[in-house]
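Below is one structure, written out as structure tokens; the observations come after it.
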Amino acid sequence: MPILNRAAELQDEVAEWRRHIHARPELLFAVENTAAFVAEKLKEFGVDEIVTGIGRTGVVGLIKGKGEGSRTVGLRADMDALPLTEITGKPWASKISGKMHACGHDGHTAMLLGAAKYLAETRNFNGNVAVIFQPAEEGGGGGNLMVKDGMMERFGIEEVYGMHNLPGLPVGQFATRKGPIMAATDEFTVTIKGRGGHAAQPHRTIDPIAIGAQIVTNLQMIASRNVDPLRSVVVSVTKFNAGFAHNVIPNDATFAGTIRTLDEEVRAQAEARLREVVAGICAAHAAEADINFHRNYPVTFNHADETEHAVAIASDIAGEANVNPEVDPMMGGEDFSYMLNARPGAFIFIGNGDTAGLHNPAYDFNDEAIAHGISYWVRLAEQRLGA
Ligand SMILES: [Zn+2]
Ligand SMILES: [Zn+2]
């Protein structure tokens, strides 16, 4: 079955919603206007139950099917934008300098609204569909907060599905995989505490820059010599700040970065090695260190059965040749991971075509993808809640 006719009919209307949201980007949890727009639309569609303020500014709509069934399937979109200034010059470009929808969450929100409209019209399923609109995907852990607020229990959600657009993947195509699909995104900040002094008398100092440079170099050994080469790890030091004059060795140096991994064992190993390398090199040179290690989003892990359902539905919509069921995982993070840790489900990529990349100021969500995304959501809900 190709794209649903009704989804194709909805395309223009949904594109208008998308552009409305696109022009009014909001960051992290401060998505009040977007959330209000979503809640208003859900009400207009006749969605049975609409709850706002879950995970601070998240919205959940519950749509009841025709049958007597009580199973609930969750479909999730994200609503937040990024702190970038848009350069697309499009008529619907961001009206707010320094904020833009550069990750396509405007498109995700609009497509899920389109699916909600369709499902509320037809109700051709036996059970409930929970449409989930989360804030703060881009760093705030809004998905985590919705789970902590008891969303899964409150709506009886038994399975949960997520979708993200992917530039470079042609429109009309889908890609996913069983197991890890996105990385855990841990962050560290290390301050080396040495002893400053005159640059011409280095023997009287404990030079935090020379020590920090050795640590940065040795952290490369985590990927090259500690972790099994058939498993994945990224250790990137992305900041190094120290000093203020040509002739002064400073007291301190601070560096920071991120560790990306695809399983808990390597995640723990990489953190442990970072701590050992910092402590060992500091001990060798009589320096001390403060390590601030923040365990951020966990691995986004697709459950096997639910991934098979997702692949089957995507193949139904797009044709088998247009679905990659074994895409390589990506080392970016995604806080849908918290929902997948709470309930079985699957995350899928939908083609955004030949556009600028995610988080690029020239990026724009591709409206041509809308009918494909709505069709996927609708068929997935109907299939998982078959009469
Ligand atoms: Zn993003
Ligand atoms: Zn995103």
Item to check | Tally of residues being closer than 23 Å to E137 by Cβ and assigned to a helix (DSSP H, G or I) across the range 288-308 | outcome: 2
Checklist entry - Restricted to the range 206-231, and to residues that are in contact with a helix residue (DSSP H, G or I) (Cβ under 7 Å, 6 or more places away or on another chain) and part of a loop (DSSP other than H, G, I, E, B), which residue is surrounded by the most Cβ atoms within 10 Å (Cβ to Cβ)? => result V227
Checklist outcome for this item: Per the filter on the range 68-107, residues among the aliphatic types (A, V, I, L, M) and either within 30 Å of R123 (Cβ to Cβ) or not assigned by TED's automatic domain parsing to the domain that holds A23 (or both) are V73, L75, A77, M79
Checklist entry - Going by the conditions given, is A30 surrounded by fewer than 20 Cβ atoms within 10 Å (Cβ to Cβ) and in the same structural domain as A318 (by TED's automatic domain parsing)? => result yes
Item to check | Residues within the range 237-279 that are surrounded by 19 or more Cβ atoms within 10 Å (Cβ to Cβ) and basic (K, R), tallied | outcome: 3
Checklist entry - Regarding E265, is this residue touching a residue at least 40 places away in the same chain (Cβ under 8 Å), under 30 Å from G142 (Cα atoms) and in a helix (DSSP H, G or I)? => result no
Checklist outcome for this item: Within the range 80-107, restricting to residues that are away from ligand 2 (no atom under 16 Å from the Cβ) and either under 16 Å from the mean Cα position of the chain (by Cα) or of a type in the set (K, R) (or both), the one that is farthest from A136 (Cα to Cα) is K90
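Results for (1) surrounded by 24 or more Cβ atoms within 10 Å (Cβ to Cβ); (2) under 23 Å from N352 (Cα atoms); (3) touching a Gly at 6+ places or on another chain (Cβ under 6 Å), shown as yes or no for each residue.
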position: G55; (1), (2), (3): yes, no, yes
position: G61; (1), (2), (3): yes, no, no
position: A110; (1), (2), (3): yes, yes, no
position: V131; (1), (2), (3): yes, yes, yes
position: Q134; (1), (2), (3): yes, yes, yes
position: L145; (1), (2), (3): no, no, yes
position: M151; (1), (2), (3): yes, no, no
position: G156; (1), (2), (3): no, no, no
position: N165; (1), (2), (3): yes, yes, yes
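Yes or no, residue by residue, for (1) touching a strand residue (DSSP E or B) at 6+ places or on another chain (Cβ under 6 Å); (2) assigned by TED's automatic domain parsing to the domain that holds V160:
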position: R260; (1), (2): yes, no
position: D263; (1), (2): no, no
position: R267; (1), (2): yes, no
position: E276; (1), (2): no, no
position: A286; (1), (2): yes, no
position: A321; (1), (2): no, yes
position: D328; (1), (2): no, yes
position: M339; (1), (2): yes, yes
position: A356; (1), (2): no, yes
Checklist entry - So which residues in the range 350-372 are within 27 Å of G55 (Cα to Cα) and surrounded by fewer than 22 Cβ atoms within 10 Å (Cβ to Cβ), if there are any at all? => result L358, H359
Checklist entry - Which residues, taken from the range 130-161, are out of contact with any Leu (no Cβ under 8 Å at 6 or more places or on another chain), in a strand (DSSP E or B) and within 15 Å of ligand 2 (Cβ to nearest atom)? => result Q134
Next on the checklist: Is it the case, given these coordinates, that L340 is aliphatic (A, V, I, L, M) and touching a His at 6+ places or on another chain (Cβ under 9 Å)?
Outcome noted: yes
Item to check | Evaluation of E121 against (1) more than 19 Å from V51 (Cα to Cα); (2) crowded, with 22+ Cβ neighbours inside 10 Å (one fails), failing number | outcome: (2)
Checklist entry - Is it true that some residue in the range 301-311 is more than 29 Å from L75 (Cα to Cα) and either touching a helix residue (DSSP H, G or I) at 6+ places or on another chain (Cβ under 8 Å) or surrounded by 18 or more Cβ atoms within 10 Å (Cβ to Cβ) (or both)? => result no
Next on the checklist: Would you confirm whether or not the range 86-94 contains a residue that is within 16 Å of ligand 1 (Cβ to nearest atom) and not small (G, A, S)?
Outcome noted: yes
Item to check | Residue check, R71 away from ligand 1 (no atom under 16 Å from the Cβ), in contact (Cβ under 8 Å) with a residue 40 or more places away in the chain, surrounded by fewer than 24 Cβ atoms within 10 Å (Cβ to Cβ) and closer than 15 Å to Q134 by Cα | outcome: no
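The values are calculated or read from the model by the stated rules, or taken from the named source; none is laboratory data. Note that the structure is a prediction, hence the values are computed from the model and not measured. Note that we place each Cβ from the backbone using ideal geometry, even for glycine, and neighbour counts take in every protein chain shown.
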